[in-house]
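Quick notes on the structure that follows.
The values are calculated or read from the model by the stated rules, or taken from the named source; none is laboratory data. Since the structure is predicted, the reported quantities are computational estimates derived from the model, not experimental observations. All Cβ positions, glycine included, derive from the backbone under ideal geometry; neighbour counts span all protein chains shown. Please note that ligands, DNA and RNA were not included when accessible areas were found on the heavy atoms of the full protein model with its side chains. Shrake-Rupley method; radii C 1.70, N 1.55, O 1.52, S 1.80 Å.
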Amino acid sequence: MAVKVHGASMSTCTARVLACLHEKGVEYEFVSVGLADGAHKQQPFLSLNPFGLVPVLEDEDLTLFESRAITRYLAHKYKDVGTDLLRLESLPESASVNVWMEVEAHQFNGPMQALIYQFIVNPKFGLPVDEQVVESNSEKFGKVLDVYEERLSKSKYLAGDYFSMADLHHFPYIVYFMTTPKSSLITSRLHVNAWWEDVASRPSIMKIKEGLKFD
């Protein structure tokens with residue numbers, strides 16, 4: 001039985017899981033959750049994730065939420081097929097992947113998310129752009145990207161000279177970010193921009209990013 005993913009194509013967290021499945025070459029069933037009508041905050045979805053957030057993965061008797069936990073599970077379960085996203089055959093490489101996955105979650109995600117909300121989410125709901133929030137988080141994000149630029153001047157990808165889960169976890173927000181007035185924070189950094197263009201050209205990413213449209 002194919003794994004089942006409950007989510008929304010516009011959701012960055014859903015995209016993270018779907019791209020992982022494509023990298024592993026695993027068939028799945030996609031169940032669209034109506035975010036606009038609040039289906040994620042009602043039953044029966046709340047029985048899958050009591051926090052009312054997408055995505056949720058169902059795999060036989062196992063139900064998981066939190067996209068980063070789901071991708072780790074998939075990479076372990078299907079370690080013998082597709083891309084070795086966690087570099088499980090090498091402890092040093094696996095450790096490096098884990099470091100940069102943590103960086104994405106704790107350094108990159110915060111300012112990136114704040115900027116996406118200001119430029120994309122707020123206007124959708126008729127809310128003004130808070131320039132103070134934009135500038136403070138642009139400064140924070142720029143400092144994070146300076147670290148990335150230094151790292152990527154020494155290796156093709158974040159964890160090393162191999163595409164990994166660390167790179168995959170970054171892609172959904174960057175797809176949205178590149179449509180904002182602050183996209184130059186990435187394009188102005190030679191190695192960061194080259195890394196992003198490489199990641200964005202992968203077949204798995206190209207397929208999933210088509211759905212990342214905040215309509």
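Numbers for the structure displayed
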read-out: Residues of the stretch 43-73 satisfying the condition of being open to solvent by less than 60 Å² (accessible area, probe 1.4 Å) and either of a type in the set (K, R) or touching a residue at least 60 places away in the same chain (Cβ under 8 Å) (or both); value: T71
read-out: Criterion: buried (at least 20 other Cβ atoms within 10 Å of the Cβ), more than 18 Å from D167 (Cα to Cα) and of a type in the set (G, A, S) - qualifying residue of G38, G7, G34; value: G7
read-out: Residue satisfying all of: in the stretch 185-215; hydroxyl-bearing (S, T, Y) and part of a helix (DSSP H, G or I); surrounded by the most Cβ atoms within 10 Å (Cβ to Cβ) among these; value: S204
read-out: Helices (runs of 4 or more DSSP H) wholly inside the stretch 62-152 that include at least 2 residues being hydroxyl-bearing (S, T, Y) and under 17 Å from the mean Cα position of the chain (by Cα); value: 67-77
read-out: The stretch 153-184: number of residues that are in a helix (DSSP H, G or I), open to solvent by less than 10 Å² (accessible area, probe 1.4 Å) and hydroxyl-bearing (S, T, Y); value: 0
read-out: Residue satisfying all of: in the stretch 1-39; out of contact with any Lys or Arg (no Cβ under 7 Å at 6 or more places or on another chain) and charged (D, E, K, R); nearest to R202 (Cα to Cα) among these; value: E23
read-out: Failed criterion for A39 (all others in (1) more than 30 Å from A2 (Cβ to Cβ); (2) at pLDDT below 95 hold); value: (1)
read-out: Exclusive hit being among the aliphatic types (A, V, I, L, M) and closer than 24 Å to H76 by Cβ, set L57, L35, L46; value: L57
read-out: Search result, residues across the stretch 99-124 that are among the small types (G, A, S) and free of Cβ contacts under 8 Å to residues at least 40 places away in the same chain; value: G110, A114
read-out: The stretch 139-151 - residue that is open to solvent by 10 Å² or more (accessible area, probe 1.4 Å) and either among the aliphatic types (A, V, I, L, M) or in contact with a Lys or Arg (Cβ under 6 Å, 6 or more places away or on another chain) (or both) and, of those, farthest from A105 (Cα to Cα); value: E149
